[in-house]
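What follows is one structure encoded as structure tokens, with my remarks underneath.
Read-outs throughout are calculated quantities, based only on the coordinates presented, and are distinct from any laboratory measurement. From a predicted model like this one, the values you see are computed outputs, not experimental measurements. Heads up, the Cβs are rebuilt from the backbone with ideal geometry, glycines too, and the neighbour counts pull from every protein chain shown.
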Amino acid sequence: MALNPTDLYDIRSLLSEEERMVQDSVARFTDEKVLPIIGECFDKGRFPGELIPEIAALGLLGSSLPEDYGCAGLNGVSYGLICQELERGDSGIRSFVSVQSSLCMYPIYAYGSEDQRREWLPSMAKGEVIGCFGLTEPHGGSDPANMKTHAKRDGGDWVINGAKMWITNGNLAKIAIVWAQTEDGIQGFIVPTDTPGFTAQEIHRKMSLRASVTSGLFFDNVRIPDANRLPNVRGLKGPLGCLTQARYGITWGPIGAAQACLMEAVNYSKDRILFNRPVAATQAVQIKLADMARRITLAQLLSLQLGRLKDAGTLQPTQVSLAKWNNVRMALDIAREARDILGGSGITTEYCPIRHALNLESVITYEGTETVHQLVVGRELTGINAF
Ligand code: TGC
Ligand code: FAD
């Protein structure tokens with residue numbers, strides 16, 4: 001029996017019935033709704049906001065949070081599969097879901113008051129309220145401990161001043177989760193984006209994640225009540241805890257992008273006749289395709305085990321760092337190689353590899369650059385902080 005080229009080790013057989021159902025429903029959504037429009041969205045630099053209601057109806061927003069808050073209550077492996085199938089379509093669609101779920105709904109759930117959870121989570125799960133997450137600042141994202149944005153207590157309010165940069169969903173958002181320095185260390189705030197003094201400015205001329213909204217956020221004496229502060233966390237571990245959730249999903253997402261590139265390269269090379277035979281009949285191309293399948297298989301096993309650790313409650317941030325580094329690098333290399341196998345056709349968005357390659361240039365940078373994750377693993381091995 002022929003093996004599935006994007007699942008050579010039948011990793012699907014290791015999934016539960018519920019996990020398979022989640023994967024199938026998101027795969028259908030990607031095939032029917034994302035793939036027909038995404039090339040054009042990328043060309044035009046347009047985020048397909050019209051898909052938000054269906055993404056919400058499928059339960060993909062805050063999917064791991066409890067049903068009490070209008071969420072799907074799925075496990076970590078299911079969240080990973082959601083990311084994988086969405087990113088098979090485009091990293092921008094997966095980014096939208098990652099930010100809403102892991103970077104906005106998760107901190108409200110994990111660090112918020114019960115009132116904040118009840119106020120925001122159900123409408124965020126329905127896609128009625130979109131969030132963004134402001135951690136990175138213009139002077140350097142890898143070192144968030146040195147953030148300049150600050151919040152000062154003024155009676156029952158907080159007054160926020162500063163700027164955030166490269167913020168996904170910035171111009172779509174009704175609320176921003178903003179991390180700011182205070183006298184008591186870094187704290188998180190829920191900032192409604194219609195608060196006076198708040199502005200979001202979309203970043204244009206991007207060559208990557210063109211089907212995603214990326215913005216700068218500016219805070220000029222933005223006054224919000226203490227009720228909007230996330231009361232249950234202080235310090236960098238607040239935002240880093242959110243990043244662990246999002247980075248976990250990002251270990252899965254690029255597997256989908258790599259699978260899409262592999263299949264494009266397989267199909268193209270079988271049809272392309274050069275020197276009187278399909279280019280897929282050459283040893284050089286077959287070795288490249290085989291090597292892509294090998295790397296995808298290793299990444300699949302890595303993410304599945306990571307998901308099982310997450311669901312067992314034993315996941316360590318260093319393990320997430322290793323998988324984020326490995327799987328994004330794997331996908332970026334495969335997207336570039338697939339682009340090459342398509343020759344000149346590979347430079348157009350008619351085919352997916354160049355779009356995925358360009359997107360993955362962001363994915364390898366955001367949520368901790370490749371170097372940051374390598375240094376996290378190095379620190380674990382040596383006990384020496386090399387940052
Ligand atoms: P350190 O000062 O040692 O630790 C501070 C506290 O945080 C705890 N901690 C973590 N907790 C949860 N998850 C993690 N991954 C954690 N890492 C550290 C730590 O235990 C400590 O707690 P406590 O109780 O002792 O205070 O900080 P560090 O030296 O570990 O951090 C250095 C470094 C470079 C790793 C960190 O600053 C870092 O990760 N920098 C990269 C910043 C980054 O990734 N930014 C991403 C911005 S968001 C984004 O890109 C969204 S893209 C979204 C999309 O479109 O999909
Ligand atoms: P820098 O931190 O300036 O790094 C520059 C270079 O220095 C990198 O190559 C880095 O690896 C290297 N470097 C850093 N430290 C060391 C070291 N100790 N040793 C050796 N080399 C080092 N942020 C958010 O908060 N929210 C978002 O929603 C968000 N969405 C994003 C969407 C996109 C499309 C992009 C591109 C970015 C997004 N980011 C977001 C920001 C992202 O997290 C940062 O770009 C990333 O953390 C890196 O920060 P930086 O761009 O300032 O690079």
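Residue 152: which lysines have alpha carbons under 24 Å from its alpha carbon, excluding same-chain residues fewer than 8 sequence positions away? Result set, ordered by chain and number: 164, 174, 237.
What full-extension length gain, to one decimal in nm, is calculated for residue 37 and residue 58 as 0.36 nm per residue of separation minus the Cα-Cα distance? Show your work: numbers first, answer last.
Working: separation 21, 0.36 × 21 = 7.56 nm, distance 1.89 nm.
Full extension from residue 37 to residue 58 adds 5.7 nm.
Near the amide H of residue 62, within less than 5 Å, lie the amide hydrogens of 101, all on another chain or at least 5 residues away, with H placed in the peptide plane. One equal scatterer on each Cα of the range 243-387, no solvent, Debye formula: the resulting log10 I(q)/I(0) at q = 0.16 Å⁻¹ is -0.83.
Couplings 3J(HN,Hα) for the range 169-184, derived from phi with the Karplus relation 6.51 cos²θ - 1.76 cosθ + 1.60 (θ = phi - 60°), are 6, x, 8, 9, 7, 8, 9, 10, 8, 10, 9, 9, 6, 9, 4, 9 Hz, where x marks Gly and Pro. For the range 302-379, the residue among 313, 353, 328 whose Cα projects farthest onto the positive side of the dipole built from Cβ charges is 313. Remark: spin-label model distance residue 374-residue 294 equals 2.1 nm, labels positioned 7 Å along the Cα→Cβ axis.
If each DSSP helix of 4+ residues adds -39,500 (n - 2.57) and the sum is divided by the residues in the chain, what number results at 222 nm, nearest 500 deg cm²/dmol? Intermediate values should be presented prior to the final figure.
Details: 12 runs with 183 residues, N = 387.
Computed ellipticity for the chain at 222 nm equals -15500 deg cm²/dmol.
With a simple spin-label model that places each label point 7 Å from the Cα along the Cα-to-Cβ direction, the separation between residue 226 and residue 128 comes to 3.0 nm.
Our coupling estimate for the range 371-380, obtained by passing each phi through the Karplus curve with A = 6.51, B = -1.76, C = 1.60 and θ = phi - 60°, is 4, 4, 5, 4, 6, 5, 5, x, 5, 4 Hz, Gly and Pro reported as x.
What is the calculated FRET efficiency for residue 382 to residue 113, with r their C-beta to C-beta distance and R₀ = 35 Å, to the nearest 0.05? Walk me through the numbers before you get to the answer.
Values: r = 40 Å, r/R0 = 1.15.
Here the calculated transfer efficiency is 0.30.
For the range 282-354, the equivalent ellipsoid derived from the alpha-carbon gyration tensor has semi-axes of 31, 13, 9 Å in decreasing order. A Cα-only calculation for the chain places Rg and Dmax at 21.0, 80 Å. Distance between the pseudo-spin-label points of residue 309 and residue 174 (7 Å out from Cα toward the beta carbon): 3.7 nm. In sequence order, the range 253-264 has phi-based couplings of x, x, 4, x, 4, 5, 4, 5, 5, 4, 5, 4 Hz under the Karplus curve 6.51 cos²θ - 1.76 cosθ + 1.60, θ = phi - 60°, and Gly or Pro positions carry x. For the charge dipole of the chain, defined by +1 on Lys and Arg C-beta atoms and -1 on Asp and Glu C-beta atoms about the Cα centroid, which residue among 147, 274, 238 has the Cα displaced farthest towards the positive pole? My answer, from the dipole projection, is 274.
Based on the Cβ-Cβ distance from residue 8 to residue 234, what FRET efficiency comes out when R0 is 56 Å, to the nearest 0.05?
On the way: r = 46 Å, r/R0 = 0.83.
Efficiency for this residue pair is about 0.75.
Under 8 Å for C-alpha pairs, at least 6 residues apart: give me the relative contact order for the chain, rounded to a whole percent. All intermediate terms of the calculation are to be shown ahead of the outcome.
Numbers: 711 pairs, mean separation 69.9, N = 387.
Answer for the chain is 18 percent.
Taking all Cα pairs closer than 8 Å and separated by 6 or more residues, the relative contact order of the range 1-114 comes to 27 percent.
With the convex hull drawn over the C-alpha atoms of the range 57-124, the volume per residue is 71 Å³. Amide H to amide H distances under 5 Å link residue 165 with 136, 137, 217, where only residues 5 or more positions off or on other chains count and H is placed in the peptide plane. Translational diffusion of the range 208-316, estimated by Stokes-Einstein from the Kirkwood radius over alpha carbon pairs at 25 °C in a medium of 0.890 mPa s, is 132 µm² per second.
What net charge do the residues around residue 172 carry, taking every other residue with its C-beta under 14 Å from that of residue 172, with Lys and Arg at +1 and Asp and Glu at -1?
Working: positive: 46, 174; negative: 50, 128, 194, 202.
With Lys, Arg at +1 and Asp, Glu at -1, the neighbours total -2.
What percentage of all Cα-Cα pairs in the range 1-133 are separated by more than 23 Å?
Details: 3095 of 8778 pairs.
Of all Cα-Cα pairs in the range 1-133, 35 percent lie more than 23 Å apart.
If the only charges are +1 at each Lys and Arg Cβ and -1 at each Asp and Glu Cβ, what is the size of the charge dipole of the range 1-121 around the Cα centre, to the nearest 20 debye?
Numbers: 10 positive and 20 negative charges, 52 e Å.
The dipole magnitude comes to about 240 debye.
Put simply, when 233-242, 205-214 are sorted by average Cβ atoms within 10 angstrom per residue, most first, you get 205-214, 233-242.
Once you sort the root eigenvalues of the Cα gyration tensor of the range 155-249 as a ≥ b ≥ c, which label holds: rounded (a/c under 1.5), prolate (a/b larger than b/c) or oblate (the other case)? Judged from the Cα gyration tensor, the range 155-249 comes out oblate (a/c at least 1.5, b/c at or above a/b).
A simple count of charges around residue 208, restricted to other residues whose Cβ falls under 10 Å of its Cβ and scoring Lys, Arg +1 and Asp, Glu -1, yields +2. Using a Förster radius of 30 Å, what is the FRET efficiency between residue 274 and residue 206 based on their Cβ-Cβ separation? Nearest 0.05, please. Approximately 0.30, to the nearest 0.05.
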